[in-house]
Amino acid sequence: MAKMLINGERVDAASGATTDIRNPATGQHVDSVPKADAADTRKAIEAAAEAFKNWSKLAPHKRGQMLMQASACARAKLDDVAQLLTQEQGKPIRDSRIEAERFADNIEIYAGLVNGGAMSGKHVPLPAQKAMGLVVRRPIGVVGAIIPWNFPLTLMANKIAPAMAVGNTVVVKPASTTPLSTLRLAELMLEGGLPAGVLNVVTGPGGVVGEELIRHPWVRKIGFTGETGTGKQVARSAADELKHVTLELGGSDAAIVCDDADLDVAARNVAIGRFFNAGQACLAIKRVYVFDSVADDFIARIVARAKRLKLGSGMDDSAQMGPLHTEKQRAEIEAQLADAVQRGGRVVAGGHRPSGEEFSRGYYFEPTVVVDVPDDARVWTEETFGPLLPIRRVASLDEAIDLANSSEYGLGSSIFTRDMAKAQRAIDELEAGYTWVNAVQVAHDELPFGGTKHSGYGKEHGTEVLDYYTEQKSVVVAT
Ligand code: NDP
């Protein structure tokens, strides 16, 4: 059985309670993990607070070196980690390998940045008095990192890599259904020399472990990724202690396909943007607005791509799309599709659970495209977290931008056009934290990432994330 990691030790929950982890492709038991309670969580917080005393005082380059070593140890076993990720999450093994590598990349990026002066402040002349002004950066303290199940490793790395590099210590709470790859990575980091207490992982229910992290006064910062509803609850709970909070929440990203677009590029990138990770991505393309004059051609290309995608168990190297993560997730997509059809929508690709013995025990659903869906249907107004793509015809860029901005979410957005004037309007007017122009919709480690409106606040990635894991202090030195 897997164990939690608290203060460098592999431990069970004090109560002995456990949670079973099952494979979404087969329903089979993969392993069990401890089911922690609030008292277990407090032990991890206390260990992180104790470790902060030394870790935060290390020279930044020393922390960078230690993180590099820990990452090298993890890198040597990334294939084991990827296997665990596919077994617990369901995604194709090649995507798990990429995700595990991105974890190590992120640790190394911030280990390198901290060597390169990420902790530097600035000198500000104070002409009014005989004094010198300085702005210095300090770590915040203990960070609680609360992670969802769709990209457990990259979304953890986005938080813990910058947090640890600048001198914070961390308690990670993985999603209840995807703790195994996280625990394995954390173990490898400790084997690689990360001091005890710097990185702790506590497994247990969000309402218990997560809530304790958010309410405990010693945790000074919460990095949260998850649903918008949960994020609002996190913000409310964190308010009592006036905690720093970064919220990376849901999205309903629109893609606009203009009449002058390269339709091959648009179809390829929309298909990747929608069906990657079986559509279970915050930054997925969840709505398409296509100019009427090219709509039939574009829809035919997307339908062809949807039908070509090979479904299969994540452990099958040739599979391009795995099952959905849970039965609940599949039921939700089916309900959103039924609502669209009941209102007059037409399914032009997919729409069913695939038939055949190999799919009978997993939560599979075909890549699905639906057209002629009225604007008040759930697929337009809610987040669709699965392989379901609604496409709507528009008469103009004005109409497309208005519809794109009608969502309460504001995470990502895309436009496909050869006309830079149209692209510039999209960049200026789309209400989202990211706009891709003719590009595949993936987040780059180098660029700050984060939403607006109900998609949350704060940034991950880039050098900008460092502002969210440090506090700035002003200093006046009388001369
Ligand atoms: P949830 O909000 O259900 O869960 C996210 C995490 O929060 C889990 O670890 C969960 O624990 C925990 N949690 C649940 N309730 C509480 C609580 N009351 N207090 C503290 N923590 C709690 O999201 P999902 O796991 O279902 O993830 C999918 C969602 O995440 C989608 O909406 C998606 O768009 C969004 N997302 C956003 C991204 C972004 O960067 N903007 C990126 C990826 C996903 P437990 O598992 O034990 O319930």
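The values are calculated or read from the model by the stated rules, or taken from the named source; none is laboratory data. What you see is a predicted model; the values in this text were computed from it and never measured. Please note: Cβ atoms are built from the backbone with ideal geometry, for glycine as well, and neighbour counts cover all protein chains shown. Accessible surface is based on the protein model in full, side chains and every heavy atom, while ligands, DNA and RNA are left aside. Shrake-Rupley method; radii C 1.70, N 1.55, O 1.52, S 1.80 Å.
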Roughly speaking, to the nearest percent, how much of the range 1-82's 1.4 Å accessible area is carbon and sulfur? 48 percent
Working out 0.36 nm times the residue gap between Asp372 and Val437, then minus their Cα-Cα distance, what length gain in nm do you get to one decimal? 20.8 nm
For the range 103-146, which whole-number percentage of the solvent-accessible area (1.4 Å probe, protein heavy atoms only) is attributable to carbon and sulfur atoms? 58 percent
Are there trypsin sites (Lys or Arg not before Pro) in the range 300-378 that DSSP puts in a loop and that have at most 10 other Cβ atoms within 10 Å, and which ones? Lys310
Scoring the chain by relative contact order with C-alpha pairs under 8 Å, at least six apart, yields a percentage of 18 percent
Mean Cβ-within-10 Å packing, highest first, puts peptides 447-455, 117-125, 132-140 in the order 447-455, 132-140, 117-125
Residue-wise HN-Hα coupling along the range 192-204, computed from phi with Karplus coefficients 6.51, -1.76, 1.60 (Hz; x: Gly, Pro): x, x, 5, x, 4, x, 6, 10, 10, 10, 10, 9, x
Subtracting the Cα-Cα distance from 0.36 nm times the residue separation, let me have the gained length for Ser120 to Leu242 in nm, one decimal. 41.3 nm
Regarding the chain, what's the average projected area of the Cα-atom convex hull, expressed in nm²? 23.9 nm²
Assuming R0 = 41 Å, what is the FRET efficiency of Glu357 and Asp402, from their Cβ-Cβ distance, to the nearest 0.05? 0.30
May I ask what percent, to the nearest 5, of DSSP beta bridges between residues of the chain are antiparallel? 45 percent
Determine the per residue accessible area of the chain with all protein chains present and a 1.4 angstrom probe, expressed in square angstrom. 39 Å²
Label-to-label distance, nm, for residues given as Gln472 and Val265 (7 Å Cα→Cβ offset): 3.7 nm
Quick one: of the DSSP bridges fully inside the range 253-444, what percent are antiparallel, nearest 5? 15 percent
If DNA, RNA and ligands are ignored and the probe is 1.4 Å, what is the ranking of Tyr409, Tyr457 by accessible area, most exposed first? Tyr457, Tyr409
The long-range amide H neighbours of Gly362, using H built 1.01 Å from N in the peptide plane and a cut-off of under 5 Å, are none
222 nm mean residue ellipticity, helices alone, for the chain (DSSP H n ≥ 4; -39,500 (n - 2.57); rounded to 500): -12000 deg cm²/dmol
Spelling it out for Ala284: with amide H atoms placed in the peptide plane at 1.01 Å from N, the residues 5 or more places away or on another chain with amide H under 5 Å from its amide H are Asp253
Residue separation between Ala335 and Asp428 times 0.36 nm, minus their alpha-carbon distance, gives in nm 30.0 nm
For the range 253-444, which whole percent of the accessible surface, found with a 1.4 angstrom probe, sits on carbon and sulfur atoms? 49 percent
Pull up all non-local amide H partners of Ala439: gap of 5 or more, or a different chain, and H-to-H distance under 5 Å with H placed in the peptide plane. Ile415
When only the heavy atoms of the protein chains count and the probe is 1.4 Å, how do Glu50, Glu334 rank by accessible area, highest first? Glu50, Glu334
